[in-house]
Amino acid sequence: MSRNMIAGNWKMNTLPSEGTELAQAVIAANSKPNCKVVFGVPAVQLAQIKELTSKHDNYFVAAQNCHHEDSGAYTGEISAPMLADLGIDYVILGHSERRDYFGENDELIAKKVRKVLDNGMLPIYCCGEKLDVREAGNHEVLVGQQIKTALFDLSAEDFGKVVIAYEPVWAIGTGVTASPEQAQDMHAYIREIISVQYGKEVAARTTILYGGSMKPANAADLIAKPDVDGGLVGGASLKAELFKDIVAAG
Ligand code: PEP
């Protein structure tokens, strides 16, 4: 079974009246994709996109966040059991925008990972360094720490359900993409620390996505690298004619 996946992160974009048409256009263009395709959509569109993807093999829907408690007095929040009740497949956790704008840290994200798994869904765990960290040469240490803190308390069985998205923050929404070599180096490092913690087989099965200004023009070169299993795509996932070509490269 292929590790490959292309996941779109629509963030806080698209109206409910537009979302189904966007996802439908991607599905129509790639009716039998070679990889898993995931639409990470705003919460108010989860039900409608789930209804659509459930009719097609290899297409899935992701929430962009969830709360770390099952229920309670948390006005405006959405829990993992609520998402599971809708049949949601994946939950994107720890995106750098959640870390930066909403103060999320790896300890909190670890609790969310636990809730997502306990409710039968699959986490897409985002990690990645800011520019100053890369310039100081500390990117592997930082990303290693993010992964160890948020994920390495999981059993091997649970860890096997996690998708990792390496997203260098300096490449997100900036138009600057990591080179295929930079992506490969970090992905190989991530797979190596997984291997040390969980063994070679788990490491070999883990899906590790690259995210950061992925576009049709650079997707194939990035995904051609042996440890890059696909992409988490922001801006280019909002246009069917771009996203369909990235899916084709997956
Ligand atoms: C993202 O936010 O996950 C992302 C990768 O965005 P973009 O593709 O727009 O850089």
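The values are calculated or read from the model by the stated rules, or taken from the named source; none is laboratory data. Fair warning: this is a prediction, and the values are worked out from it, not measured in the lab. Glycine also receives a Cβ, built like all others from the backbone with ideal geometry; neighbour counts cover every protein chain displayed.
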Q. Taking the range 149-173 as the region of interest, how many residues are in a loop (DSSP other than H, G, I, E, B) and touching a Cys at 6+ places or on another chain (Cβ under 9 Å)?
A. 1
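For (1) more than 19 Å from Glu51 (Cα to Cα); (2) within 16 Å of the ligand (Cβ to nearest atom), each residue gets a yes or a no:
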| position | (1), (2) |
| --- | --- |
| Gln64 | no, yes |
| Gly76 | yes, no |
| Asp85 | no, no |
| Asp89 | no, no |
| Leu93 | yes, yes |
| Arg99 | yes, yes |
| Asp106 | yes, no |
| Lys112 | yes, no |
| Val116 | yes, no |
Q: Filter the range 148-175 for residues that are away from the ligand (no atom under 16 Å from the Cβ) and either closer than 18 Å to Gly212 by Cα or surrounded by fewer than 13 Cβ atoms within 10 Å (Cβ to Cβ) (or both) and give the result.
A: Asp153, Ser155, Ala156, Glu157
Q: Mind listing whichever residues of the range 180-226 are at negative phi, away from the ligand (no atom under 15 Å from the Cβ) and among the small types (Gly, Ala, Ser)?
A: Ala188, Ser195, Ala203, Ala204, Ala220, Ala224
Q) Taking only pairs six or more apart or across chains, which ones have beta-carbon atoms under 6 Å, a first residue in the range 114-129 that is at pLDDT below 95, and a second residue that is outside any strand (DSSP E or B) and surrounded by fewer than 22 Cβ atoms within 10 Å (Cβ to Cβ)? A) none
Q) Before we move on, is Thr177 modelled with pLDDT under 95 and under 24 Å from Val26 (Cα atoms)? A) yes
Q) Which number in (1) touching a residue at least 24 places away in the same chain (Cβ under 8 Å); (2) farther than 19 Å from Val91 by Cα; (3) under 18 Å from the mean Cα position of the chain (by Cα) marks the one condition that Asp221 misses? A) (3)
